[in-house]
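Enquirer: First the structure, then my questions, so here it is.
The values are calculated or read from the model by the stated rules, or taken from the named source; none is laboratory data. Computed from a predicted structure; not experimentally measured. When we count neighbours, we look across all protein chains shown, and the Cβ atoms used for this are built from the backbone with ideal geometry, even at glycine. The area values use the complete protein model at the heavy-atom level, side chains included, leaving out ligands, DNA and RNA. Shrake-Rupley method; radii C 1.70, N 1.55, O 1.52, S 1.80 Å.
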Amino acid sequence: MVRLSCAYIAKPEASPSKQGRRPTGESVEAIREDLSFPRVKPLIFPFACLVGGVALALGHHLFNQWADRRTVGKSPNISQQWVLRVGTAFGFAFQTILAASLSFVVCQVLWYYVRRKYMTLQDLNTLYLVERRDVVSTFLSNALTRAPFLVLVVTFSLVLPIAAIFSPASLSVVFHVANTPGPCVVSATDIANSSVADFLYSTNDGIFMSGVSGPVLKITQRTLIGGVIPSLPMFCGDNCIYEASMDSMTFECQERVTLPPGQMGRFDASSLAPGTLTFWNATSDGLSNDPTVPFYVGWVTQAYKLYMTQYLNGTSGSAYCTPMLAHYIFSVQRLNGVQIVSYTTNITGPMESATQYHQNVIQPTFAALQIGAIGLAARNHLLGSLSITSGRLGVESTDYNSSVISAPFLNLSTLGAESYIWGDVVKGIKETAANITASMLLLDLGMKNSTCIYTNQDLVYSYHWLGLWIPYGIALHIVTVSLLFGVLIFLRFNPENLTTSLSDTISITRNSTFDNSGHKVNGNATQAVHEDTTQFRLGKQGGHLGFATQEDFT
């Protein structure tokens, strides 16, 4: 407690009729005359606490900035537990030091009310309990009506720990993926080099292609059934990305074309005669063993029981697809055992023949034979039909002679009736060629030096500055505004720098009327003063500051 040596200029007390809610504080002139260092010295501590709170907030911010993006447990070698403990310590110290600043305000607001208003002893007891942060007295009593500003400031003090709860969460731990280039050896994908690449085709005469090699046939079947690119070799190990470029083929399709007569069969639901219900039919527009020959394809989303077709959500259409040369660039990534393949396709021109001489009697090149094998494998999986022949007694025969029944763009349903539901067929045809091309990386196509991207996953700290400054900013704003009000109240209503210490309490309760309020006879209050009816106010009485009744001030 600070004892002031300066003189106190007291105002004469008002008459009882004017004592109710009339301000009883110092005048502005008196405050100016007494504005000396001893007078304002008690303000140093609450303002120092406020500055300390700002410094702690900035320190917490700088610490989180220092930790941001650093690897957990590395650079420097500090465990995650200690980093989080430091953040918690900042939050706890922040709310503690601001609570000390608010304590000054709470004390001043208490004296503000007891000097302005007459209150019963019970009311005064309640306000003292509120000043001591008694939750029951603060929220479950008449304090809210007797001293609302006091209750408000105490509430601020009680909720300050929220800042210490939320602010440590501003520094979290997240996965960070860093990509670093490095040397590696990958597939050369040089299918045109006969000295390093596996043969993708078969031949009867050593000049022309007669079919597809067994390994290629197996790979393409597995690719089509799986509907996706198969698991490719990781030349640079797990958690890396490599690129492979390859000359191959794709299909260029013209949609909504007129199909050859009878392409989709003949079926009359009203006729009892046998009819063919065709869901898919792809036919070659030339020699079936020539991979450069285009093909017609028609597809229909339909159910065997025709009335069920209206409930199906699929596509129907036709297309004329031409095999074309294409250049692919594949990006193969494996992250934590999961393969991700992306690619770009660029059509480079028409395919060269692999089954006959070129102009000027030039035999097919090795590249033409290799790419022709890929094209033949892709196209042969699409050719054929899916149809049902029905008659008077129901289904007489089924004709499933196309591998497209395993394609991912076909959804076969047996709910209610056997149904064929097609997705984006043209896109699926092109993806089939790309998937089969990518699957060639499973074969030996030579090796070459390259640059791969190595992916490293680390746990790093991530700083979210709003998560720190929102709770800290709100707390600092509340304390700053409250402290300004506390200073005004201190200068005007508490020139003696009263506190709630025992010595100050004794000094302001030394008067005969107030002494009687504390005496009890056989457990009951004396008749001189009734705690529920007699009202007191803090003020000057004969040069002595203390609690007194209205009659005492007369």
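Enquirer: What are the chymotrypsin sites (Phe, Trp or Tyr not before Pro) within segment 321-392 that DSSP puts in a loop, where the Cβ has at most 15 other Cβ atoms within 10 Å?
Expert: The qualifying sites are Y357.
Enquirer: Also, I was wondering about something else. Do you know the relative contact order of segment 154-261, to the nearest whole percent, from alpha carbon pairs under 8 angstrom that are 6+ apart? Mind dumping the intermediate values first?
Expert: Values: 46 pairs, mean separation 25.5, N = 108.
That works out to 24 percent.
Enquirer: Using a 1.4 Å probe on the protein heavy atoms only, what accessible surface does L224 show? Give it in Å² to the nearest 10.
Expert: Probe radius 1.4 Å; accessible area of L224 about 10 Å².
Enquirer: Another one. Once the whole set of protein chains is in place, how much accessible area is left on D190, using a 1.4 Å probe, in Å² to the nearest 10?
Expert: It works out to around 60 Å².
Enquirer: Ordering T389, T432 by accessible area with a probe of 1.4 Å, largest first, what comes out?
Expert: T389, T432
Enquirer: Of T96, T533, T138, T505, which has the most accessible area and how do the rest follow, probe 1.4 Å? Provide the component values of the computation, followed by the final result.
Expert: Values: T96 65, T533 95, T138 0, T505 35 Å².
My answer, sorted largest first, is T533, T96, T505, T138.
Enquirer: Still on this model: Would you rank R133, R116, R222 by solvent-accessible area, highest first, keeping every protein chain in place and using a 1.4 Å probe?
Expert: Heavy-atom accessible area, descending, gives R222, R133, R116.
Enquirer: If you don't mind, another one. So what does V338 come to for accessible area, using a 1.4 Å probe and Å² rounded to 10?
Expert: Counting only protein heavy atoms, V338 exposes about 90 Å² to solvent.
Enquirer: Given a cut-off of under 8 Å on Cα pairs at least six residues apart, what relative contact order in percent is computed for segment 167-220?
Expert: Relative contact order for segment 167-220 comes out at 17 percent.
Enquirer: Whenever you get a sec, compute what percent of the accessible area on segment 115-224 sits on carbon and sulfur atoms (1.4 Å probe).
Expert: 64
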